[in-house]
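The next block holds one structure in the form of structure tokens; read it before the comments.
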There are 10 protein chains.
Amino acid sequence: MLFHVEMTVNLPHDLDGAIADALKAKEKAMCQDLQRSGKWVNIWRIVGKYANVSLFNVESPAELHEILTNLPLFPFMQIEVKALCRHYSSIKEGEI
Amino acid sequence: MLFHVEMTVNLPHDLDGAIADALKAKEKAMCQDLQRSGKWVNIWRIVGKYANVSLFNVESPAELHEILTNLPLFPFMQIEVKALCRHYSSIKEGEI
Amino acid sequence: MLFHVEMTVNLPHDLDGAIADALKAKEKAMCQDLQRSGKWVNIWRIVGKYANVSLFNVESPAELHEILTNLPLFPFMQIEVKALCRHYSSIKEGEI
Amino acid sequence: MLFHVEMTVNLPHDLDGAIADALKAKEKAMCQDLQRSGKWVNIWRIVGKYANVSLFNVESPAELHEILTNLPLFPFMQIEVKALCRHYSSIKEGEI
Amino acid sequence: MLFHVEMTVNLPHDLDGAIADALKAKEKAMCQDLQRSGKWVNIWRIVGKYANVSLFNVESPAELHEILTNLPLFPFMQIEVKALCRHYSSIKEGEI
Amino acid sequence: MLFHVEMTVNLPHDLDGAIADALKAKEKAMCQDLQRSGKWVNIWRIVGKYANVSLFNVESPAELHEILTNLPLFPFMQIEVKALCRHYSSIKEGEI
Amino acid sequence: MLFHVEMTVNLPHDLDGAIADALKAKEKAMCQDLQRSGKWVNIWRIVGKYANVSLFNVESPAELHEILTNLPLFPFMQIEVKALCRHYSSIKEGEI
Amino acid sequence: MLFHVEMTVNLPHDLDGAIADALKAKEKAMCQDLQRSGKWVNIWRIVGKYANVSLFNVESPAELHEILTNLPLFPFMQIEVKALCRHYSSIKEGEI
Amino acid sequence: MLFHVEMTVNLPHDLDGAIADALKAKEKAMCQDLQRSGKWVNIWRIVGKYANVSLFNVESPAELHEILTNLPLFPFMQIEVKALCRHYSSIKEGEI
Amino acid sequence: MLFHVEMTVNLPHDLDGAIADALKAKEKAMCQDLQRSGKWVNIWRIVGKYANVSLFNVESPAELHEILTNLPLFPFMQIEVKALCRHYSSIKEGEI
């Protein structure tokens, strides 16, 4: 099932640079693993913001929650989740 | 270039049913043509709302405006547009 | 899987009374069928508002969308959907 | 009587980890006691957020206030309270 | 138990004058009966607005909902309800 | 003349406990003096929030400002003020 | 005592032109009478909007309510009222 | 002096088509006259919306108000005005 | 030309008291100079808030920006600016 | 292609003055380079705010994102981006 997730990152100004970089590196690695697993279907940058729009294909809402709350940057993120489903005008086959 | 577009439709209650259905049919046909052309990359329904999240791959903002404002339901839609670009964590090749 | 849905009904003042009553009766019947089927787990009235908070246990987001958009009052409703999952403090067994 | 409570937790980034964990443990214990007492009827996690939706069955608004303000995480929580009552479409017996 | 209720009235411009006056008269009569019964404890006008702030002393949220939704102007009102309880600084005796 | 005042207190997490308690004690004492003087007519706690709804009966807006800005917790409070006046449905005598 | 009032006028598109003009003329006459009486101290137009910012010097909130609700355009206005008092930096004498 | 003006047009669905077209034609003509006069410095369409962002170079706020409120579509527009001035980083000569 | 400016001051809790007092003293002095110069036409306190409503009579938006951004408390202020002009109902002579 | 960008700067109060000045100087230099390159078409100050409205003429959304996120003040800025296109009333030639 598909979920639309918008993540906005607000890192505190006084967060130690090295710590921030380490968090970002871990976040990138985890994100890419999840993309390779097919869970994290798409991730795009919102122009002008430290934020992204992502699509997740998961087995359940619980799985999505597990993924999001284990992201290294989760404590610094504002997250909006929308449940999606197939649009009757979509021409894509096999879309859920 | 990619644009993220959220469209919420508010049809007036007193709009003649036949007119509404005709508008929806034209909208669906135009949407499917644009999908086949590759302009309208994705369209998903937001659960519980007469609204969709869509991705457009267009040559310019002007082209996106042309597409959106010529949709039959445009006069009844609230539209939010976000410009997207490649996220540095994305593993997809050739993504703009 | 569980979804939290808040529905606020705004019936137009000039909607014919008989039509409104018929819509409400159909809504009530459909709601009760869905409760008996276990899909519509709970429905409570929000004090002071023509609105309710409901819990749905469905197979997929698509099923929830199907249910909500087929409610007779759907065209007159503002709906907010939240995906839920088990809270680690919950003592309930078998909760998804 | 039933109250719908949405709690969003915002722990300061610079809060000492051990203190945070201790608060969370106390919060979980108190929450589970209240569930066993029947006061805290339900608690679900909102997907993607450090937040929950809960239902309380209490004797009075004052009792609800007592419960909420004594939660260890109360100082770090944004809380929205809605009074609920029986919906005329509900098929549940003995619901208040 | 005490509830704080803010009611804002939005009568449609094209509502027939006589109907509007009749509604207001019935509303006033019902409001005064409820005041005499002690249910509707206070009602004040918010300066500059067709709105009031009221205090209700009722047996349950359900009773409050019953009162509010049976007010003649209910269909034209936006209502915000807050549950209240005794403030520890209050010097009033017997306040709930 | 009557003013409706809603006060929400946001004490910083890192405020020294003893200082916070001293502020609260002074606030309570001042509040109770003002209640005894008849200026601070009512104070109720909003369930689930570190906030109150109060009614003040003062000689002028300036006097209300004087009272509010001299409250020990004023620097930590978000305050919304509404001017009230007699509602034509009120059955109370001598109400301003 | 001084009140700051912002009034935004929303005349319905389908309001008969002659009726609208009559309302505006009556509004202007009443406004000018109140200015001559000293009640309506100032009125300025907000650039780009059918709205004004005004200052009223009245005996009580009740008097302000009386004035505002008797304005011909009141049913079509959204009104925000702020109570003002003397600023300690003001160099004006005799300001309330 | 420069003003930044954002105009969003909301034409009623049931406005007669011919009337709407006439209004738009007059609006376009007036807009182009003002551009030729140098008053209306720039006008751009906001992608996806029946709205524009414009820059005006006028002698006074009053002149801007005169221009905006005389636009044929003014009654159907929501307008936000921002006063602008020279940015200290701007490399443009003679900018006000 | 007239500008309506609303200034809300948010001093950080941990700002050194002496520094805060010095800032306030300088602010007051500058404000009173500007009043004497006729630039700062009026300043009123908003009841219950560390905020004021002010009127400025300046030669240009640039001059207003110069004044506001040089106020000692500017870094701690949230400022909303509205351009004003003469209201056609105003009876004041020589008003801009 | 044209993008409308509104940037609001919120420098932390406790940021070291020298660091802040250095950031601002680098920001100004980079801004002026981009203006000379034709990318940063216009920049105006919003009166009364540490904020600007800018126009960018870039090859793609990705380029705009690159520019904005490399600005020294980016971590301290709230940025709103709007895609623009030619307005059919514009008399400017060669406008995109």
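Of the candidates C:Met30, C:Met77, the single residue that is among the aliphatic types (A, V, I, L, M), in contact with a Pro (Cβ under 9 Å, 6 or more places away or on another chain) and over 19 Å from D:Val53 (Cα atoms) is C:Met30. Considered as a group, the residues in the stretch B:48-63 that are within 14 Å of chain J (Cβ to nearest Cβ) and closer than 22 Å to A:Gly94 by Cα include one that is surrounded by the most Cβ atoms within 10 Å (Cβ to Cβ), and that residue is B:Phe56.
Quick one: in the stretch A:47-62, which of the residues that are touching a Lys or Arg at 6+ places or on another chain (Cβ under 8 Å) and without any contact (Cβ under 8 Å) to a residue 12 or more places away in the chain is nearest to A:Leu84 (Cα to Cα)?
Pass one, the stretch A:47-62, residues touching a Lys or Arg at 6+ places or on another chain (Cβ under 8 Å): A:47, A:51-53, A:56-58, A:62.
Right, trim to without any contact (Cβ under 8 Å) to a residue 12 or more places away in the chain and you get A:47, A:62.
Working: A:Val47: 23, A:Ala62: 15 Å.
Step by step, filter the stretch A:47-62, then rank; the result is A:Ala62.
Looking across the stretch C:74-89 at every residue that is within 11 Å of chain A (Cβ to nearest Cβ) and assigned to a loop (DSSP other than H, G, I, E, B), the one that is nearest to the chain's Cα centre (by Cα) is identified as C:His87.
In the stretch G:6-27, which residues are of a type outside the set (A, V, I, L, M, F, W, C), surrounded by fewer than 16 Cβ atoms within 10 Å (Cβ to Cβ) and either within 14 Å of chain I (Cβ to nearest Cβ) or under 11 Å from the mean Cα position of the chain (by Cα) (or both)? Break it down into steps so the answer makes sense when it comes.
So in the stretch G:6-27, the residues of a type outside the set (A, V, I, L, M, F, W, C) come out as G:6, G:8, G:10, G:12-14, G:16-17, G:21, G:24, G:26-27.
After this cut, where a residue has to be surrounded by fewer than 16 Cβ atoms within 10 Å (Cβ to Cβ) as well, the list is G:8, G:10, G:12-14, G:16-17, G:21, G:26.
Scanning the stretch G:6-27 gives G:Thr8, G:Asp21, G:Lys26.
Out of I:Lys26, I:Lys92, report the one residue that is outside any loop (DSSP other than H, G, I, E, B), over 27 Å from F:Val81 (Cβ atoms) and either at pLDDT below 95 or not aromatic (Phe, Trp, Tyr) (or both). Just one listed residue meets the conditions, I:Lys26.
Would you be able to tell me the number of residues in the stretch F:76-90 that are without any contact (Cβ under 8 Å) to a residue 40 or more places away in the chain, surrounded by 13 or more Cβ atoms within 10 Å (Cβ to Cβ) and of a type outside the set (S, T, N, Q)?
At the first step, the residues of the stretch F:76-90 found to be without any contact (Cβ under 8 Å) to a residue 40 or more places away in the chain are F:86-90.
Next cut, surrounded by 13 or more Cβ atoms within 10 Å (Cβ to Cβ) only: F:86-87, F:89-90.
Next, only the ones that are of a type outside the set (S, T, N, Q) stay: F:86-87.
So the count comes out to 2.
Being outside any helix (DSSP H, G or I), of a type in the set (A, V, I, L, M) and modelled with pLDDT of 95 or more holds for only one residue in I:Leu34, I:Leu15, I:Leu11, and it is I:Leu11.
Of all residues in the stretch F:39-91, which are over 25 Å from D:Phe3 (Cα atoms) and hydroxyl-bearing (Ser, Thr, Tyr)?
Quick first cut of the stretch F:39-91, residues over 25 Å from D:Phe3 (Cα atoms) only: F:39-41, F:55-91.
Across the stretch F:39-91, the qualifying residues are F:Ser60, F:Thr69, F:Tyr88, F:Ser89, F:Ser90.
When restricted to residues that are more than 26 Å from D:Glu66 (Cα to Cα), assigned to a loop (DSSP other than H, G, I, E, B) and within 13 Å of the chain's Cα centre (by Cα), the stretch F:43-73 contains 2.
Going through the stretch J:28-38 one residue at a time, which ones are surrounded by 18 or more Cβ atoms within 10 Å (Cβ to Cβ) and in contact (Cβ under 8 Å) with a residue 40 or more places away in the chain? It would help to see each step written out before you state the result.
Residues of the stretch J:28-38 that are surrounded by 18 or more Cβ atoms within 10 Å (Cβ to Cβ), as a first pass: J:31, J:34-35.
J:Cys31, the sole residue that qualifies.
I:Arg45 - would you say it is closer than 19 Å to G:Tyr88 by Cβ, in contact with a Leu (Cβ under 7 Å, 6 or more places away or on another chain) and basic (Lys, Arg)? For I:Arg45, the condition - closer than 19 Å to G:Tyr88 by Cβ, in contact with a Leu (Cβ under 7 Å, 6 or more places away or on another chain) and basic (Lys, Arg) - is met. Selection of the stretch C:64-73 for residues being within 7 Å of another protein chain (Cβ to nearest Cβ) and under 18 Å from B:Thr8 (Cα atoms) yields C:His65, C:Leu68. Here is the figure for the stretch H:28-47: residues that are within 7 Å of another protein chain (Cβ to nearest Cβ) and either farther than 22 Å from J:Val41 by Cα or among the polar types (S, T, N, Q) (or both) total 4.
Working carefully through the options C:His4, C:His13, C:His65, find the one that is in contact with a strand residue (DSSP E or B) (Cβ under 9 Å, 6 or more places away or on another chain) and free of Cβ contacts under 8 Å to residues at least 24 places away in the same chain. If you could, list the steps in order and put the result at the bottom.
Working: C:His4 fails: free of Cβ contacts under 8 Å to residues at least 24 places away in the same chain; C:His13 fails: in contact with a strand residue (DSSP E or B) (Cβ under 9 Å, 6 or more places away or on another chain).
From the options C:His4, C:His13, C:His65, the qualifying one is C:His65.
The values are calculated or read from the model by the stated rules, or taken from the named source; none is laboratory data. All values derive from a computational prediction rather than experimental measurement. All Cβ positions, glycine included, derive from the backbone under ideal geometry; neighbour counts span all protein chains shown.
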